[in-house]
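A.B. asks: The structure follows.
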There are 2 protein chains.
Amino acid sequence: MVMNVRTLCLGILSLREATGYEIKKMVEKGVFSHFIDASFGSIYPALAQMLREGLVRVRTEDDGSGRPPRKVYQITEQGRQALQNALNTDPAPDKFKSEFLFQMLFMERIDPAHLAVIYDAYLEEQEAELRMLEEEAQTMPAHPGARFVQDYGRAMLGTAIRFLKDKRAEMMRAFAEVGGTGERPEENAPCCGGAFSSSAEKSSVNGED
Amino acid sequence: MVMNVRTLCLGILSLREATGYEIKKMVEKGVFSHFIDASFGSIYPALAQMLREGLVRVRTEDDGSGRPPRKVYQITEQGRQALQNALNTDPAPDKFKSEFLFQMLFMERIDPAHLAVIYDAYLEEQEAELRMLEEEAQTMPAHPGARFVQDYGRAMLGTAIRFLKDKRAEMMRAFAEVGGTGERPEENAPCCGGAFSSSAEKSSVNGED
DNA sequence: ATAGCTTATATCGGGCCGATAGAGGTTCTT
DNA sequence: AAGAACCTCTATCGGCCCGATATAAGCTAT
């Protein structure tokens with residue numbers, strides 16, 4: 001599939017007319033945000049290019065003041081056709097990049113205190129996105145496609161959150177000796193419900209390096 | 001976190017020495033493949049740059065023939081320090097790009113026959129990655145970080161697969177004559193339109209396990 | 001023996017991100 | 001009323017990175 005910022009813009013413009021700025025906002029906060037990214041640096045050139053190619057047309061709203069005029073873009077019939085062609089092709093494999101998991105892979109080398117901070121921040125991030133998804137599910141008219149994506153997101157985020165909560169205790173137990181040295185580290189992490197303080201077992205976490 | 005191809009290479013080289021080609025293979029098939037990507041076009045320049053900066057050193061194995069000599073890279077103490085610094089910074093948010101979900105968002109406009117093909121191909125893809133993960137979990141020595149990442153991957157892929165299987169039946173039921181729970185690839189209808197939106201059912205995947 | 005896959009190097013065009021800039025609006029504080 | 005801070009809206013630019021491509025040889029199978 002020809003899935004670039006151009007196709008993304010066509011997809012959004014097929015739902016409603018919009019300015020480049022509005023497209024950015026929809027990509028940031030809307031349904032699209034869960035599986036796509038796009039910055040101004042790619043949206044504006046994409047719109048300009050598609051305008052040249054006749055896939056979109058533009059209506060300029062100049063209010064007379066010195067500020068830049070709103071450029072409201074609309075999809076053309078040719079653009080609809082291009083989008084249709086893209087939709088009827090095989091999708092490329094997903095791409096997933098996670099610095100968090102990279103760090104988790106090397107967790108043994110990270111300062112335990114900082115590890116806890118990273119971990120909880122990530123968990124909170126996932127919970128925030130789930131909240132956003134739920135909220136958005138109530139405001140948006142749920143056409144089948146949107147429903148599917150929302151349900152998918154719910155399922156995945158739910159699993160991630162459950163996993164992170166489950167594993168947290170286990171993880172921190174493993175590092176308890178390195179960080180606390182026999183002390184009860186309840187002063188550190190706000191959200192860990194006492195799972196820290198269970199019997200400190202001996203663990204050979206400290207590997208090479 | 002300074003998570004670019006350089007940091008990735010440092011991470012791999014901190015585990016063992018490797019050529020650029022080997023790094024690519026590890027990124028393609030190893031634990032890293034689940035949450036990171038890197039191509040030759042970024043790996044080779046990254047190694048060259050880090051060599052200049054003293055973060056890695058290189059041992060050239062020339063076998064006398066005309067073919068390009070193996071360049072085996074090793075991390076230096078300075079490189080270890082750079083990696084350590086990177087690991088002790090906050091991770092950037094995850095990035096997830098899915099052409100499949102983009103297409104699902106517009107499922108109503110996709111030819112149902114093709115939609116089924118796309119859907120099953122994606123499902124198969126997820127199952128293949130889960131198989132890869134399980135296989136890799138048995139061969140690799142499971143240090144805590146790797147275990148965490150593998151378990152995370154298992155949980156997520158398991159949920160995705162279950163969701164896709166569950167929703168598929170629901171989708172096909174909504175399509176009614178398309179093929180029930182089995183598959184009937186020969187399909188003529190241009191677009192399903194409203195036939196889909198009426199039946200809104202709850203999926204068991206959303207809740208708890 | 002020719003085709004095709006694998007190991008191994010490396011470059012290049014182009015896509016895209018993140019930062020930046022500029023101009024005016026609103027909103028909240030001091 | 002002045003100022004700070006943030007929002008809407010435009011757009012560009014450096015630099016990172018992907019995907020395609022080139023080169024060269026070995027190994028395997030038909």
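A.B. asks: Could you please find all residues in region A:27-51 being assigned to a loop (DSSP other than H, G, I, E, B) and within 10 Å of DNA strand D (Cβ to nearest atom)?
C.D. replies: A:S39
A.B. asks: Also, I was wondering about something else. Given the options B:R131, B:R109, name the one that is surrounded by fewer than 17 Cβ atoms within 10 Å (Cβ to Cβ) and either within 8 Å of another protein chain (Cβ to nearest Cβ) or more than 15 Å from A:L105 (Cα to Cα) (or both).
C.D. replies: Every option except B:R131 fails the conditions.
A.B. asks: Under the condition of being away from DNA strand D (no atom under 11 Å from the Cβ) and without any contact (Cβ under 8 Å) to a residue 24 or more places away in the chain, which residue from region A:67-82 is surrounded by the most Cβ atoms within 10 Å (Cβ to Cβ)?
C.D. replies: Restricting to residues being away from DNA strand D (no atom under 11 Å from the Cβ) and without any contact (Cβ under 8 Å) to a residue 24 or more places away in the chain, the top hit is A:T76.
A.B. asks: Moving to a separate point now. Kindly evaluate A:A160 against the criterion of being surrounded by fewer than 20 Cβ atoms within 10 Å (Cβ to Cβ), within 11 Å of chain B (Cβ to nearest Cβ) and either out of contact with any Pro (no Cβ under 6 Å at 6 or more places or on another chain) or not aliphatic (A, V, I, L, M) (or both).
C.D. replies: So A:A160 fails the test.
A.B. asks: Would you point out the residue of region A:88-103, among those that are among the polar types (S, T, N, Q) and facing chain B (nearest Cβ under 7 Å), that is farthest from B:F32 (Cα to Cα)?
C.D. replies: Top of the filtered list is A:N88.
A.B. asks: Let me ask something additional. Please give the strands (runs of 3 or more DSSP E) falling wholly within region B:52-139 in which 2 or more residues are assigned by TED's automatic domain parsing to the domain that holds B:V27 and touching a Pro at 6+ places or on another chain (Cβ under 7 Å).
C.D. replies: B:56-61
A.B. asks: Given (1) more than 13 Å from DNA strand D (Cβ to nearest atom); (2) touching a helix residue (DSSP H, G or I) at 6+ places or on another chain (Cβ under 8 Å); (3) within 14 Å of another protein chain (Cβ to nearest Cβ), where does A:E124 come up short, assuming only one miss?
C.D. replies: Looking at each condition in turn, A:E124 falls short on (2).
A.B. asks: Could you please give the count of residues in region B:27-58 that are more than 8 Å from DNA strand C (Cβ to nearest atom), over 24 Å from A:Y122 (Cβ atoms) and surrounded by fewer than 19 Cβ atoms within 10 Å (Cβ to Cβ)?
C.D. replies: Total satisfying the criteria: 9.
A.B. asks: Now, a different point. Only one of these is modelled with pLDDT under 95 and under 17 Å from the mean Cα position of the chain (by Cα): B:L123, B:L133, B:L101, B:L157. Name it.
C.D. replies: Going through B:L123, B:L133, B:L101, B:L157 in turn, the sole match is B:L133.
A.B. asks: Being polar (S, T, N, Q) and more than 14 Å from DNA strand D (Cβ to nearest atom) is the filter here, so list the residues in region B:1-26 that pass it.
C.D. replies: Answer for region B:1-26, where residues must be polar (S, T, N, Q) and more than 14 Å from DNA strand D (Cβ to nearest atom): just B:S14.
A.B. asks: Before we move on, is B:I118 under 21 Å from the mean Cα position of the chain (by Cα), under 20 Å from A:N88 (Cβ atoms) and within 7 Å of chain A (Cβ to nearest Cβ)?
C.D. replies: So B:I118 passes the test.
A.B. asks: Related question: Look through A:F106, A:F148 and report the one residue that is among the aromatic types (F, W, Y) and touching a Gly at 6+ places or on another chain (Cβ under 6 Å).
C.D. replies: One residue alone meets the criteria, A:F106.
A.B. asks: Can you say whether B:E61 is exposed (fewer than 12 other Cβ atoms within 10 Å of the Cβ) and near DNA strand C (Cβ under 10 Å from one of its atoms), as far as the supplied structure shows?
C.D. replies: Yes; evaluated as a whole, the condition is true for this residue.
A.B. asks: Please pick out the residue among A:R16, A:R80 that is out of contact with any Ser or Thr (no Cβ under 9 Å at 6 or more places or on another chain) and either modelled with pLDDT of 95 or more or within 13 Å of chain B (Cβ to nearest Cβ) (or both).
C.D. replies: A:R16
The values are calculated or read from the model by the stated rules, or taken from the named source; none is laboratory data. Please read all numbers here as calculations on a predicted model, not as lab measurements. As a convention, Cβ positions derive from the backbone with ideal geometry for all residues, glycine included, and neighbour counts pool all protein chains shown.
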